[in-house]
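Novice: Structure provided below as structure tokens; questions to follow.
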Amino acid sequence: KGIRETIVSRPDRFLPYNNGICATAASVVTKAATDGLAYIDAVQDFQVVNGGQTTASLASCARRDGSDLSQIFVQMKLTIVPQEKLDEVVPLISQYANTQNKVQEADFKANHPYHIALEKLSRQIWTRPTDTTPRGTRWFYERSRGQYAVEKLRFAEAGKRRFTLENPPSQKFSKTDLAKYLMSWDQYPQDVSLGAQKNFMEFMSLLGRENRPMPDEPEFKRIASLAMLFKRAETLYGEMGFTGYRAQVVAYTLAMLSYRVKKHLDWDEFWQAGAVPETMIEMMRPLMLTARNIILNSPSQQNITEWCKKDACWMAVLQANTEEISDLPVIPPPSAVPLGEADKH
């Protein structure tokens, strides 16, 4: 808001008011001028590593508001990094240049080839057409935070409505969402319970160790279908009358389901239907009850959130069977707790 105000009302003060941007490049080409100075003529592999608010605000004001940028000057620190060191040094420059801002660890992995490939697929693959969406809809992968809002800003009002229709907010997912879905299905619910950022870093570490192939169209549809399944499980948790520890219970439920079906489901059925089959929802109900009972019955009265982060918790859920679950005190949904008895539960 402050940057926009300067652009609109005091463009001549932009240079002294704004912090400028930090950028990197593999090389620059300069040319001599008549005043004895050298001017940059071309830049190779240019990246802005700090200055997202500045560049996005300038672009927004020019495109949306028609602002005159002729009086705007932006200072830039440009670091030349040799081609062979780009992948090593640029993320570090970005990380250290952003230490004064709230930048998440996941943001530094946005340029990984896996995420770039997934983003490209998410812009190309459409669901089946309907009467309201003749082209279908897309599952929008937000490789960088704020991409969805930035892309929407490119359009006029009518275009914004069409963009929202074809890219429903309910079908938007981020890098940390992706890690949550895949790590749950790959049966690492204890890592998902570490939190979004730590789980994402575990996912990236696993991605490197497994040398996972680049995503293709079938893999993208599987990920989108897994997102449907995860979101439906979150809704189911509330429908069953439960509150609290939803994130942990849903992750463990999906991991249990994955274990039961040996990580294999007819993902094409999900994709074609655009919804989770009712049979799958009914299959998740007892698994969710099992996961919740074990999580809430932590041994030695351990902190439940910490208990969920342990391998032992996953082993306890994994080894559970009907007889073992029946021996545990059933934790009822809040709606089933009699008045005056809530403290006992």
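Bear in mind that the values in this text are calculations on the coordinates, not laboratory data. None of these values were measured; they are calculated from a predicted model. Don't worry about glycine lacking a Cβ; one is built from the backbone with ideal geometry, like all the others, and counts go over all protein chains shown.
Novice: Which whole-number percent is the relative contact order of the stretch 163-266 (Cα, under 8 Å, 6+ apart)?
Specialist: It rounds to 37 percent for the stretch 163-266.
Novice: What value, in deg cm²/dmol to 500, does the helix sum -39500 (n - 2.57) over DSSP H runs of n ≥ 4 give at 222 nm once divided by the residues of the chain?
Specialist: Helix-only estimate at 222 nm: -15500 deg cm²/dmol.
Novice: Considering the dipole of the stretch 70-228 built from charges on the beta carbon (Lys and Arg +1, Asp and Glu -1) around the Cα centre, which of Y114, P169, Y181 is farthest to its positive end?
Specialist: P169
Novice: Given the stretch 1-82 reduced to its alpha-carbon atoms as identical point scatterers, what log10 I(q)/I(0) does the Debye formula return at q = 0.12, 0.26 Å⁻¹?
Specialist: Treating every Cα as an identical point scatterer, log10 I(q)/I(0) equals -0.43, -1.15.
Novice: What shape does the stretch 167-227 take by its C-alpha gyration tensor, where a ≥ b ≥ c are the square roots of the eigenvalues and a/c under 1.5 counts as rounded, a/b above b/c as prolate, and the rest as oblate?
Specialist: Taking the square roots of the gyration eigenvalues as a ≥ b ≥ c, the stretch 167-227 is oblate.
Novice: Based on the alpha-carbon gyration tensor of the stretch 46-197 and its eigenvalue square roots a ≥ b ≥ c, which shape applies: rounded if a/c is under 1.5, prolate if not and a/b is larger than b/c, or oblate?
Specialist: It is oblate, given that a/c is not under 1.5 and a/b is not larger than b/c.
Novice: If you don't mind, another one. Go from 0 up to the bin containing the longest alpha carbon distance in the stretch 106-160, width 5 Å each, and give me the % of pairs per bin.
Specialist: 4, 17, 19, 24, 19, 10, 5, 1, 0
Novice: With the cut-off at 1.5 for a/c, could you classify the stretch 194-302 from its C-alpha gyration tensor as rounded, prolate or oblate?
Specialist: Judged from the Cα gyration tensor, the stretch 194-302 comes out oblate (a/c at least 1.5, b/c at or above a/b).
Novice: By the scheme Lys and Arg +1, Asp and Glu -1, what is the net charge of all other residues having a beta-carbon under 11 Å from that of Q302?
Specialist: +1
Novice: Follow-up. For Cα pairs less than 8 Å apart in space and 6+ apart in sequence, what is the mean separation divided by the residue count of the chain, i.e. the relative contact order in percent?
Specialist: 12 percent.
Novice: May I pose another question? Going highest first, how would you order 52-64, 273-285 by mean Cβ packing within 10 Å?
Specialist: Those peptides, ordered most packed to least, come out 52-64, 273-285.
Novice: Let me ask another. Taking Cα atoms of the stretch 143-201, Rg/Rh with Kirkwood Rh, to two decimals?
Specialist: Reported Rg/Rh, Kirkwood definition of Rh: 1.15.
Novice: Related question: Among A291, A255, A32, determine the one that fluctuates most according to a GNM of the chain built with springs between C-alpha atoms less than 10 Å apart.
Specialist: Result: A32 has the largest fluctuation of those listed.
Novice: What would the Debye equation give as log₁₀ I(q)/I(0) for the stretch 114-261 at q = 0.10, 0.14, 0.18 Å⁻¹, counting only Cα atoms as equal point scatterers?
Specialist: Treating every Cα as an identical point scatterer, log10 I(q)/I(0) equals -0.38, -0.74, -1.14.
Novice: Now for a separate question. Report the Cα centroid-to-centroid distance between the stretch 114-186 and the stretch 4-83 in angstrom, as an integer.
Specialist: Going from one Cα centre to the other spans 29 Å.
Novice: Of the listed values [x] 46, 23, 21; [y] 42, 23, 18; [z] 48, 23, 17, grab the one calculated as semi-axes √(5λ) of the Cα gyration tensor in Å from the structure here.
Specialist: [x]
Novice: Can I ask one more? If the limit is 29 Å between Cα atoms, which of K77/K180; K85/K198; K77/K172; K1/K231 go over it?
Specialist: Pairs exceeding 29 Å: K77/K180; K77/K172; K1/K231.
Novice: Highest first, please rank the peptides 128-136, 173-181, 235-243, 216-224 by the mean number of other Cβ atoms sitting within 10 Å of their residues.
Specialist: Put in order of decreasing packing, that is 173-181, 216-224, 235-243, 128-136.
Novice: Taking the chain as a Gaussian network, where each spring joins two C-alpha atoms under 10 Å apart, which residue of K310, K152, K31 fluctuates the most?
Specialist: K31
Novice: By DSSP, what percent of the beta bridges with both residues in the chain are antiparallel, rounded to the nearest 5?
Specialist: Bridges in the chain are about 55 percent antiparallel.
Novice: Based on Cβ point charges of +1 for Lys and Arg and -1 for Asp and Glu, what charge dipole magnitude is obtained for the chain about its Cα centre, in debye rounded to the nearest 20?
Specialist: 840 debye
Novice: For the chain, set up a GNM with springs between Cα atoms under 10 Å and report which of F73, F163, F140 has the largest fluctuation.
Specialist: Taking springs between Cα atoms under 10 Å, the residue moving most is F73.
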